[in-house]
Each structure stands twice: as C-alpha cells, then as structure tokens.
Amino acid sequence: MNIKVKTMKINIKKLLFSSFEEKNISTKRENKAISEIIATILLLSISLSLLCVVYFLVFNNATSPSTTTHLSSAQLIASADEQNVFLQNNGGVPLTLDTKLIITIGGQDFYVSVKDYIIDSNGDGLWSIGEQIKFDPLSIDSLYGLEVTIKVINPDTNSMIMAGLVQEGARGDKPYVQTLNPYDVWPHSATMKSYYNFIKAGYLPGKFWFQWKRSDDPLWTYTPLMNITAPLFGYQQLTIYNLTSNKNYLYEAWIQYTSGNSTLNQSGGIKLFTTQIDAMGIWHFDESSGLKLFDSSGQFPPNDGVLVPNEIRGPQRLNEELNHSTKSLSFD
C-alpha cells in the first residue's frame, strides 16, 4: 500500500511538471508571435512617416521653391580694413534688401539690414552681383587686431544662409596688439607701425616694444620698452636704420600687461618687408623753397644735395621762382 501511494505521488509530480513546461513553451511562442507583429507595425509606421515627409518636400518644392535655395546660391566675399567691414555679392543671384546680417567684431554683435548699408549702384532695389555692403561700427575705434565674423540670415525663414570668419584676432575682452604693414621702406631704413588696445584702465600701466631682424639672422633686435599709462589705445611707430638693401626683414609688435597676479605678454603677429635696391640717393625735387634737395632714400646719414647755377638743365620746382634751367645738383 505504501509503495503504490509513493508511485502515485511520483506520477502526479511528473504530470504537473510536464503540464507547466508545455504551458511555458506555449506562452513563449505567443509572446514571440506578438513581438513580430509589433515590429512589423512599427516598420510600417516609420515607412509611412518617411513617405509623408518626402511627399511634403517634393510637393513644397514643386509648388513654391524656397527663398533659401536662391539665397544660398549667391557667392559672397567679405573683407575688413581699419574702419570698415565689406561684403560683396560676387556671383549667383541677386539678394533681397531685407537680408539680415550679424556682424561680430571683437565679441560685440551688430544686427543690421542690407538695405541700410548697401551701395545700390544700379538702383534695382536688390543686392545685385558686384554690389557691396560697407559697414562702419562707429563704437569701435579700430578693427585692427579684432576678430571679425559675419552671419547672413534669410528674413523669410529666419535661417542662416552662410557664416564665415573675415579676420582673425582678439575677442575684445583682453588687451591686444596688431602689427601693421610698414611704410617708408627704403634701401637702408623702414618705419614699423602697430596698433594696441589695453581695453580698460585695470590693465594699465602696460609696456610696448618692437623686435626685428633680417630673415636670415637667428637673433632678434629688441627696441627699448615703452611704458603705456594713457590712453588705452593708440598707434606706435619706430623707424629703424642701417638696414641692408634688397633684403627681407621681419618685425613684430608686443605688449605686456598685468592680470591679477600674472604678467602676460601678447604678440601682434609678424610682418615681412623687403628693403629697396641700393642707390646713392632719391631726390623728388618737391621742396617748396630753398636750394637744398633732401635725400629720401632712407640711408643714414642722408645724401642731401644743393642746387648750383650755370647748368644747362635744371629741376622743376614747386616754387615757380625756381623753375628755370640754370640750376642742378651738387654734392660735397
């Protein structure tokens, strides 16, 4: 009797386990089937959404081509000098005068419209090919050394047509300096020039100096340090002499300022110039009076000359009284 009961218990256990296993397998199959159905529905929904988007784009372009497409086909060229930012339509299609510009100079944004600054040379009421925008930020003393960027905005869609960097430079929150192109470059001398801006009085007093060298010389020559106490911004220039004719020279402007407990040096970048071919002297004969002609070749000391009489040919002078043919140059 005990053996039969035990056998029955074992059979019942097997039966229960077998029933549970079959139910579990059935449930898994049902879940898998449901998952496949849901996945199919999702794929159909995504495909239908994409089809609607594509249809909308095609329909929209077919009925009313977007203004952005036309505007983006324009070729714009930007540049900047000391006082102005220029933007010229150099090709493509004319743009509407309602086109918006965001001109950022040294971190400061200027929001302008084309119609307020365009030079409409043909008077057609559009920003046509070859026409230029000239923007003068009156609140900024000089654009030298400042970063300049431009964004062009389509007014109809309020979307950006283009964005570009016009000029590398400082953001205007810290002192900066810009090495400028030299002038009066002669065989044996040249004048270096620079623009600096210390931004605010808290960065003063500061220091300024130039360094220069011949391009094939490994060592720099440093000018004496100049203390800057006021004004905050301005120009510095210095003429260097005893240069070698027909040679390449490099020069760089520097400033020094204090920020907190730190002393910082800032470079204005390096400029290159080539001295002129050597000559005994250069005389322009443009003195308004007197008999002395000044040598402008840049050599030191200058080779000035003096007008003497009794010569067949003579120079043409600004002073009419000296415009005769009985004077010529004489040197010691």
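The values are calculated or read from the model by the stated rules, or taken from the named source; none is laboratory data. Note that the coordinates shown come from a computational prediction; the quantities given were computed from them, not determined experimentally. We place every Cβ from the backbone using ideal geometry, glycine too, and count neighbours over all the protein chains shown. What goes into the accessible areas is simple: the full protein's heavy atoms, side chains included, and nothing from ligands, DNA or RNA. Shrake-Rupley method; radii C 1.70, N 1.55, O 1.52, S 1.80 Å.
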**Report entry** Residues (among the acidic types (Asp, Glu) and touching a residue at least 40 places away in the same chain (Cβ under 8 Å)) located in region 112-169
**Finding:** Glu131, Asp136, Asp141, Glu147, Asp156
Query raised in the report: If you check Lys193 against the conditions, is it assigned to a strand (DSSP E or B) and of a type outside the set (Val, Ile, Thr)?
Result: yes
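Condition first: among the polar types (S, T, N, Q) and crowded, with 22+ Cβ neighbours inside 10 Å. Now tell me which residues in region 186-204 satisfy that.
Across region 186-204, the qualifying residues are Ser194, Asn197.
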Query raised in the report: Within region 119-150, how many residues turn out to be farther than 24 Å from Gly269 by Cβ, of a type in the set (Val, Ile, Thr) and open to solvent by less than 10 Å² (accessible area, probe 1.4 Å)?
Result: 1
Requested in this report: Mind telling me which of the residues Lys151, Lys207, Lys213 ends up being closer than 30 Å to Asp278 by Cα and in a strand (DSSP E or B)?
Outcome: Lys213
Report summary line: Just one listed residue, out of Leu238, Leu165, is in a strand (DSSP E or B), farther than 16 Å from Gln266 by Cα and modelled with pLDDT of 95 or more, and it is Leu238
Report summary line: Note on Tyr257: of the conditions (1) under 21 Å from Phe300 (Cα atoms); (2) in contact with a strand residue (DSSP E or B) (Cβ under 8 Å, 6 or more places away or on another chain), unmet is (1)
Query raised in the report: Is at least one residue of region 161-178 under 23 Å from the mean Cα position of the chain (by Cα), within 30 Å of Tyr241 (Cβ to Cβ) and of a type in the set (Ser, Thr, Tyr)?
Result: yes
